[in-house]
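Participant: This structure is in C-alpha cells; I'll ask about it shortly.
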C-alpha cells in the first residue's frame, strides 16, 4: 500500500512539473525566485497567446503613464480648446497706500518654463525683458501664483525618500527648470578635508549642511563591507530649509552632480524672476512670495488672456503651452512631473484641476475600453504611488481599445521604440524585436513592467503587458529575463 502511494505521489509530481510551461520556466530562473509575474499577450483581436496571472493586480510603476497619456489623447479636443488659456504671464497687483504695485507671475501648467542660460523657448528671461521694457521702475513683491491647480504637490502613496529627488519633485501650475536644482559634490583638496558641496548657478534652494569627509574608497582594514562610500547620503526633508550632505567622498572622484526636487516651485520661480528683474535695473522693495489654492477654494477665472478686462491684461506673456510636446516626453523619457501636470490639465477640462478630477477621466476611458472596474486603482498620473494597482488584462484592454481609435496611431508614436529611443533605447538591440516593439517601461524598487505592442516573427502585431513585482532586493532588475521572454514569444508567433 505504501509503495502504491509512493508511486502515485511521484506520478503526481511529474504531472505537475509537466504543467509548468516553458514560459514560466523562462521567467523563473533561480535568481528570480520570489518574483510574482503577471503576463498577458494577445493578438489584435484579443485571442490569448500567453498568460500568467493576467487578472491579478500588480504595482505598475510608470506603466501608469499609459493611462494618463491615453486619456489626454481621448480628450485632445477639449485640451486643445483650453490651450489659449495656458500661457505663463505677468500681471500687476495694486498695493495699499503709496507702495508700488506687486508683480504676479501666473503659472498655467507649463512644465517647460526655464531660466537656464541656454534657454531658447519659454524662458523666464523673456518675461523679465518684457516687463523691464514697460519702464516700470519699482515693485513691492514678486508673487508666484500657481492657483490654476490646487495645492496638491505630491500624490498619495509616494514614498517619502522619493520626495527629495528630481523624479519625485512637487507638482505645481508654476514650474521652473522641471522643479529641480543641481547640487555638485567635489572631493576636498586633502585627505580628511570636507568635500566641496555647492549649488550650480542660481540653484541656492536650501541651506547646505556639509558633513562630508574626503577619504579613500576603502578603510585601512580593506574590508569592502565597511566601504566608506556606502555612507554617502543627501537628505532633504520636505518643508525644511536645509539639505544635509554627509559621508565619505573618494579623493580620486571627479565632481558629481545630484538633482534634487523643489518643495515649493512657485516660490522658486518667483525668487528667480525677482533676481532677473533686479538684474535689469528694477527695484524690488519687498520679497518673493508664493500664492497657492486649497482644493476647496474656487479656481481662477477660466478665460483666455485676450478676453480679460483691459485693466487685468498681462504685462507680458509667453506662448501658450503645447501639450503635444509634453506628451512625447512623458512617454519616451518617463517624465513624472509632466505626467502629474497633464493629469491636472485633464482635471481642469470641466472641474477644478485636482488629480482626482483627472483620474475620473481615466476611469471613463477604461469603461469605454471594457476594462473591469476591479482590475485597477490609480492614485496619481506618473506611477510613483505605491498604492496604484492594475492587472495585465486591464492594460491590454487599454492597448487594444486605443488601436481602434482615431487617436491611437498618434498615441502609439509617443511610446519608446526598442533599441531606438527613449527608455527602451538600450534594450532589444540585436534581437528580433529591435525597432519592432513600442512599449512603456516601468521601474520602482522591486518592480519592473513593460506594456505595448510588438511585431512577431509572422508579421502580426501582438499586444502585451508583463509585470514583475516583489523582486528580491539582491536582484537589481528583472529586465533581462523579461526581455528574453518577450523575444521568445515573438519568435514563436
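Values quoted throughout were computed directly from the atomic coordinates according to the rules given, and no laboratory measurement underlies them. None of these values were measured; they are calculated from a predicted model. Because the Cβ atoms are built from the backbone with ideal geometry, glycine has one as well, and the counts that use them run over all protein chains shown.
Participant: If the chain between residue 259 and residue 199 were fully stretched, how many nm would it gain, using 0.36 nm times the residue separation less the Cα-Cα distance?
Facilitator: 20.6 nm
Participant: In addition: Full extension from residue 98 to residue 244: what is 0.36 nm times the residue separation minus their Cα-Cα distance, to one decimal in nm? Can you show the working numbers first?
Facilitator: Details: separation 146, 0.36 × 146 = 52.56 nm, distance 4.28 nm.
The residue 98-residue 244 span can extend by a further 48.3 nm.
Participant: Pairing the Cα long axis of helix 265-279 with the longest principal axis of the chain, what angle in degrees results, from 0 to 90 and rounded to the nearest 10?
Facilitator: With rounding to tens, the tilt is 40 degrees.
Participant: I'd like the distance separating the alpha-carbon centroids of the range 112-169 and the range 309-348, in whole Å.
Facilitator: When both Cα centres are located, 12 Å separates them.
Participant: Taking the highest mean first, how do the peptides 415-422, 107-114 order by number of other beta carbon atoms within 10 angstrom per residue?
Facilitator: Values: 415-422: 20.6, 107-114: 24.4.
In decreasing order of mean packing, 415-422, 107-114 become 107-114, 415-422.
Participant: Helix-derived [θ] at 222 nm for the chain: sum -39500 (n - 2.57) over DSSP H runs of at least 4, divide by residue count, nearest 500?
Facilitator: Result for the chain, helices only: -8500 deg cm²/dmol.
Participant: Could you check what % of the DSSP bridge pairs in the chain are antiparallel, to the nearest 5?
Facilitator: 75
Participant: Kindly work out what percent of the DSSP beta bridges joining two residues of the range 9-144 are antiparallel, to the nearest 5.
Facilitator: Roughly 70 percent of the DSSP beta bridges within the range 9-144 come out antiparallel.
Participant: Roughly how many Å is it from the Cα centre of the range 422-493 to that of the range 48-105, as a whole number?
Facilitator: If we compute the Cα centre of each part, the gap is 28 Å.
Participant: Over the chain, what relative contact order in percent results from Cα pairs under 8 Å that are six or more residues apart?
Facilitator: The normalised contact order for the chain reaches 23 percent.
Participant: Rank by packing, highest mean first: peptides 206-212, 446-452, with packing defined as the count of other Cβ atoms within 10 Å averaged across residues.
Facilitator: Most protected by this proxy first, the peptides run 446-452, 206-212.
Participant: Another question, then. Quick one, what does Rg over Rh come out to for the range 109-192 if you take C-alpha atoms and the Kirkwood Rh?
Facilitator: 1.10
Participant: Please determine, in degrees from 0 to 90 and to the nearest 10, the orientation of helix 64-74 with respect to the longest principal axis defined by the Cα atoms of the chain, where the helix direction is its Cα long axis.
Facilitator: 70
Participant: Separate question: With a ≥ b ≥ c the root eigenvalues of the C-alpha gyration tensor of the chain, is it rounded (a/c under 1.5), prolate (a/b larger than b/c) or oblate?
Facilitator: Oblate shape, in that a/c is at least 1.5 and b/c is the bigger or equal ratio.
Participant: Using only Cα atoms and rounding to the nearest 10 degrees, what angle (0 to 90) does helix 479-492 make with the longest principal axis of the chain?
Facilitator: The answer is roughly 60 degrees.
Participant: Residue 21 label point, 7 Å along Cα→Cβ, cut-off 18 Å on backbone N: hits in the range 376-398?
Facilitator: Under 18 Å, as judged by backbone N against the label point of residue 21, lie 391-397 of the range 376-398.
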